[in-house]
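Report on the structure given below.
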Amino acid sequence: MSNQPNQPNRRTILPDARVSPRFAGVATFCRYPRLADVAPENRPLDWAIYGVPYDGGVTYRPGARFAPRAIRDESQYVKPFHIAHNVNVCEKLSLADAGDAPVRPYSPKDNADAVAAFAAGLADPSTKLFAVGGDHSIAYANIRASWERRGKPAGGLSIIHFDSHLDTVDAVWGEKWGHASPFIRAIEDGLINPRRMLSIGVKGPLNTGADLDFAKKHGVTIVTREDLFSGGASGGAATIASFLKSLVHAETYITVDIDVVDPAFAPGTGTPSVGGLSSAELLALLRSLRGVNIAGADVVEVLPDRDHAGITALLAAHVIFEIIALDAVTR
Ligand SMILES: [Mn+2]
């Protein structure tokens with residue numbers, strides 16, 4: 001079988017857990033090699049996964065700056081073979097942990113610029129970028145770098161967004177670059193197309209019904225959790241299927257705010273919202289995106305200090321794996 005070491009198509013060499021145990025050594029995402037250790041024959045790199053230890057964009061509980069370390073730790077037991085997709089991601093793809101982006105703790109705008117500049121220079125021009133936050137403000141930077149890498153598609157990237165919140169608020173306390181605003185900024189800058197934006201898992205309560213206005217006015221497709229479990233042509237599953245069909249091969253960014261998952265499953269997050277998806281439902285929804293042409297991705301808003309037994313960070317590690325597997329299965 002092709003899962004033996006040293007096969008010519010094995011592109012990401014994982015440490016043998018029988019020689020270098022999973023609890024030893026410096027932790028990288030899913031035990032993928034550090035970017036500097038990727039062999040020349042495994043370039044160009046398919047994905048660079050990097051941390052963004054930044055939480056200066058929040059107004060409620062801070063602490064997501066500690067998430068990249070926590071997620072690296074919890075990801076040590078993520079193995080490379082995906083049962084549902086029947087794919088070994090390490091045989092299909094060259095993957096690396098590119099370390100952490102530089103951050104600017106006192107300014108969300110300066111931070112976005114610094115992270116975008118770091119991401120723009122990572123690895124090879126064709127390498128896709130996976131950012132591990134950090135709060136959701138960091139998504140803007142990775143979207144910007146991904147849009148540039150994918151040839152600056154006119155009209156912007158399509159985007160599939162998992163979140164309890166729309167994150168299209170113009171400003172909070174005068175701040176336009178916080179974690180409530182990454183998508184309104186990305187839409188304004190033409191990096192994403194609101195008419196090809198799907199927000200899954202949105203729920204209340206909101207500050208005001210006007211929080212929905214921007215998304216409605218600009219044509220964002222919203223699927224609430226209640227929609228997901230109502231059937232028929234107007235049900236959430238039908239809406240998602242129709243959206244996916246409309247994408248054809250459009251370059252599509254995937255962003256996962258871990259607070260889309262119920263705090264019973266993902267307590268370690270800064271703005272928990274009750275009545276969310278289960279871990280299994282999120283994974284199933286991600287698997288249902290098979291065939292999407294992925295342009296880049298992120299997972300954000302893990303807050304290790306509020307976590308229990310690392311379950312939220314562990315879920316985020318599996319979100320990374322699920323999205324990478326989606327890309328692997330299309331190659
Ligand atoms: Mn969010």
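The values are calculated or read from the model by the stated rules, or taken from the named source; none is laboratory data. This one's a predicted model, so the numbers in the text were calculated from it and none came from an experiment. A quick note on method: Cβ atoms are made from the backbone with ideal geometry, for glycine too, and the neighbour counts reach across all protein chains shown.
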If you take the residues of the stretch 249-272 that are farther than 19 Å from GLY310 by Cβ and part of a loop (DSSP other than H, G, I, E, B), which of them is nearest to the ligand (Cβ to nearest atom)?
THR271
Look through ALA284, ALA280, ALA313, ALA297 and report the one residue that is within 16 Å of the ligand (Cβ to nearest atom) and either at pLDDT 95 or above or not aliphatic (A, V, I, L, M) (or both).
ALA297
For residues that are among the acidic types (Asp, Glu) and touching an Asp or Glu at 6+ places or on another chain (Cβ under 9 Å), scanning just the stretch 153-201, find the one that is nearest to ASP213 (Cα to Cα).
ASP167
Please pick out the residue among LYS176, LYS217 that is exposed (fewer than 12 other Cβ atoms within 10 Å of the Cβ), of a type in the set (Lys, Arg), within 26 Å of GLU251 (Cβ to Cβ) and more than 14 Å from the ligand (Cβ to nearest atom).
LYS217
Between ILE200, ILE160, which is surrounded by 24 or more Cβ atoms within 10 Å (Cβ to Cβ), in a strand (DSSP E or B) and within 13 Å of the ligand (Cβ to nearest atom)?
ILE200
Search result, residues across the stretch 95-111 that are more than 13 Å from PRO53 (Cβ to Cβ), in a helix (DSSP H, G or I) and in contact (Cβ under 8 Å) with a residue 12 or more places away in the chain:
PRO108, LYS109
Are any residues in the stretch 233-248 β-branched (Val, Ile, Thr) and either within 16 Å of the ligand (Cβ to nearest atom) or part of a loop (DSSP other than H, G, I, E, B) (or both), and if so, which ones?
VAL248
Based on what the data block shows, is VAL89 within 16 Å of the ligand (Cβ to nearest atom) and more than 15 Å from the chain's Cα centre (by Cα)?
no
Taking the stretch 166-197, which residues are in a loop (DSSP other than H, G, I, E, B) and within 18 Å of the chain's Cα centre (by Cα)?
LEU166, ASP167, THR168, GLY178, HIS179, ALA180, SER181, LEU191
Would you pick out the residues in the stretch 213-232 that are outside any helix (DSSP H, G or I) and either closer than 30 Å to ARG306 by Cα or out of contact with any helix residue (DSSP H, G or I) (no Cβ under 9 Å at 6 or more places or on another chain) (or both)?
GLY219, ILE222, VAL223, THR224, PHE229
Give the number of residues within the stretch 273-331 that are surrounded by fewer than 20 Cβ atoms within 10 Å (Cβ to Cβ), on the phi < 0 side of the Ramachandran plot and not in a helix (DSSP H, G or I).
10
